[in-house]
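The structure appears below as structure tokens.
The values are calculated or read from the model by the stated rules, or taken from the named source; none is laboratory data. Just so we're clear, the structure is a prediction, and the values are computed from it rather than from any experiment. Please note: Cβ atoms are built from the backbone with ideal geometry, for glycine as well, and neighbour counts cover all protein chains shown. The protein model used for the area step is the full one, side chains on, heavy atoms only, and it has no ligands, DNA or RNA in it. Shrake-Rupley method; radii C 1.70, N 1.55, O 1.52, S 1.80 Å.
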Amino acid sequence: MEDSPNQTNEFNVGQRVHSSGDSTRIGTVKYVGNVEGYPDTWVGIDWDYGGGKHDGSINNVRYFHAKSEKSGSFVRPKNLCKGISLLQALEKRYRKEMYVLSTSNKKVSIELLGTREINDKLSRFEELTNASLAYMGVSSPGIPCELSTTVPNIKELDLSGNLLSEWKDVGFIFEQLPALKALNLSYNSMSPYKSELPLLKSIRVLVLNNTGVDWEQVELLRQSLTTIEELHIMGNNISRILPVSSSMVQGFDSLRLLNLEDNCIAEWSEIMKLSQLRCLEQLYLNKNCLSSLFYPDNGCQYYESEVTSCKPFQNLRCLLLGDNNISDLASVDSLNLFPNLVDIRLSGNPITDATKGGVPRFVLIARLAEIQILNGSEITSRERKDSEIRHVLLKTMFLLLLSWVADWLVITWIPLLVNAGHILFSELKNFYGIEDQKPLIGATGGPQAISSGFLSITLKCVGASMGEKQPMTKKLPATTTGSPLPLLLDNDASSLMDHGVGNDSVILVDEDS
């Protein structure tokens, strides 16, 4: 029983509404009042999925700010609906009469074969365990206690795409449905969490995709979600993980699956804040902005200010990283360090795109030794064997090519570089007028240099008593002091050069010498 557009024309700013006759066209009231140049009252709407005519201004007069240039419009109150209660939606969904219109435009009830038994079962609300009320225009839980007595056994409830916005209404639904284990609130624009929710001991699965919830809201909800096993928060523009009281996310002692797809997380260090969730087995990070990832080499000592009691992601088995910006093999290799990781998705990253320098599937399989499922496809033992063989052959070919290139460089380029160096040096000599360096007399180095440091000396006897003796020629170092020639040099500290003795000198030896 959808409320008639003529029942009330009162709307409030911030209220969630949908278009009359189309419960999927949902928006938020941004303005209520007169519009210059148009009679009567108008409601300014910012539509969730666009489809408007302007950004909140008309004829150069701004009435509100829409989120995009074409998401705002002004609507007559009679063309908008505030929504219905949860119980009204159940009635409308599961006790709907089937009919066709006659030629006189009158409703004629019909019954399809087998539908009576189905309708009878669905109409017995006390036996209903699963209910799907997506895009039914639900805006409130309804009258207190009425819900719990009508559908006491509801375990799974889909309220996606409705008009709910207050957490107090969600808390009321939880209180009225004690058997509820799974709730989907996707595409409901939720206001910031303010009031405390009751302790939700039975809830296992909570879906908050595209609700505007950030991680600070999640931390506040954590106090009530003591037994949560699956948490889906896709499409909420989350860029940072902000724990409340420490550097690591704590609590969520039963959380097995965390879905953070289609958000704005760019740094892997933000993801590392989730590494101490002990029961976490599946982490969905598709469609974020991650460019690399790592696993800390020193395990639990990665965080300086925090003492951890288990390895990072010690029970993580499935990690989905599709459609990010990962492009380096170091990130791929780091996946081998996760203790229990067996399922990985890398499709949609540059590392898997050959046109962007990526590598083929067999290289990924060969480098990920423990992975059993890659990009949603199971890796058979045959595929792993073939991949590892192809990878070894590829590396061997690469090494051979590298060796060939090195040889080619030595043979071809090194002589060219040496020749170019000589030419350049010659040009510099000519430019600066540098003469070739001549060898220095007595220069050290080599046999010739050593021999040039000796003096040829001829000793000739001239004393009568000494008789005739043939002159004797000796080669002595020019630095020879008086020690080797004590009879020739008066001063033992003086050298031959100090006494003026040069090469080919003749020293006369008499009787007194």
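Of the residues Val392, Val410, Val405, Val418, the single one that is at pLDDT 75 or above and β-branched (Val, Ile, Thr) is Val392. Sort out which residues of the stretch 226-250 are more than 21 Å from Cys310 (Cβ to Cβ) and part of a loop (DSSP other than H, G, I, E, B), and write them in order of number. Of everything in the stretch 226-250, those that are more than 21 Å from Cys310 (Cβ to Cβ) and part of a loop (DSSP other than H, G, I, E, B) turn out to be Ile233, Met234, Gly235, Asn236, Asn237, Ile238, Ser239, Arg240, Leu242. Going by what's in this entry, would Leu163 be described as farther than 21 Å from Leu255 by Cα, touching a residue at least 40 places away in the same chain (Cβ under 8 Å) and either surrounded by fewer than 18 Cβ atoms within 10 Å (Cβ to Cβ) or touching a His at 6+ places or on another chain (Cβ under 8 Å) (or both)? Taking the combined requirement at face value, the residue satisfies it. When the stretch 24-37 is filtered for residues that are part of a strand (DSSP E or B) and either of a type in the set (D, E, K, R) or at pLDDT below 90 (or both), the ones remaining, listed by number, are Arg25, Lys30. When you scan the stretch 117-128, do you find a residue that is at pLDDT 90 or above and more than 22 Å from Gly21 (Cβ to Cβ), even just one? Taking every residue of the stretch 117-128 in turn, none turns out to be at pLDDT 90 or above and more than 22 Å from Gly21 (Cβ to Cβ).
For the stretch 167-180, a residue qualifies if it is surrounded by fewer than 18 Cβ atoms within 10 Å (Cβ to Cβ) and part of a loop (DSSP other than H, G, I, E, B), and the qualifying residues are Pro178, Ala179. For the stretch 58-80, a residue qualifies if it is part of a loop (DSSP other than H, G, I, E, B), farther than 11 Å from Gly44 by Cα and either of a type in the set (A, V, I, L, M, F, W, C) or open to solvent by 70 Å² or more (accessible area, probe 1.4 Å) (or both), and the qualifying residues are Asn59, Asn60, Lys67, Glu69, Lys70. Among the residues making up the stretch 81-99, those that are part of a strand (DSSP E or B) and touching an Asp or Glu at 6+ places or on another chain (Cβ under 7 Å) are Cys81, Ile84.
So, Asn105, is that one loosely packed, with under 11 Cβ neighbours inside 10 Å, on the phi > 0 side of the Ramachandran plot, at pLDDT below 90 and assigned by the TED database to the domain that holds Ser148 or not?
yes
Scanning the stretch 266-276 for residues that are part of a loop (DSSP other than H, G, I, E, B) and either open to solvent by 10 Å² or more (accessible area, probe 1.4 Å) or not assigned by the TED database to the domain that holds Ile238 (or both) yields Ala266, Glu267, Lys273, Gln276.
Hey, does the stretch 123-133 have a residue that's within 33 Å of the chain's Cα centre (by Cα), open to solvent by less than 30 Å² (accessible area, probe 1.4 Å) and more than 21 Å from Glu216 (Cα to Cα)? No, the stretch 123-133 contains no residue that is within 33 Å of the chain's Cα centre (by Cα), open to solvent by less than 30 Å² (accessible area, probe 1.4 Å) and more than 21 Å from Glu216 (Cα to Cα). Only one of the numbered conditions (1) closer than 17 Å to Arg256 by Cα; (2) in contact with a strand residue (DSSP E or B) (Cβ under 9 Å, 6 or more places away or on another chain); (3) open to solvent by 40 Å² or more (accessible area, probe 1.4 Å) is violated by His232, and that is (3).
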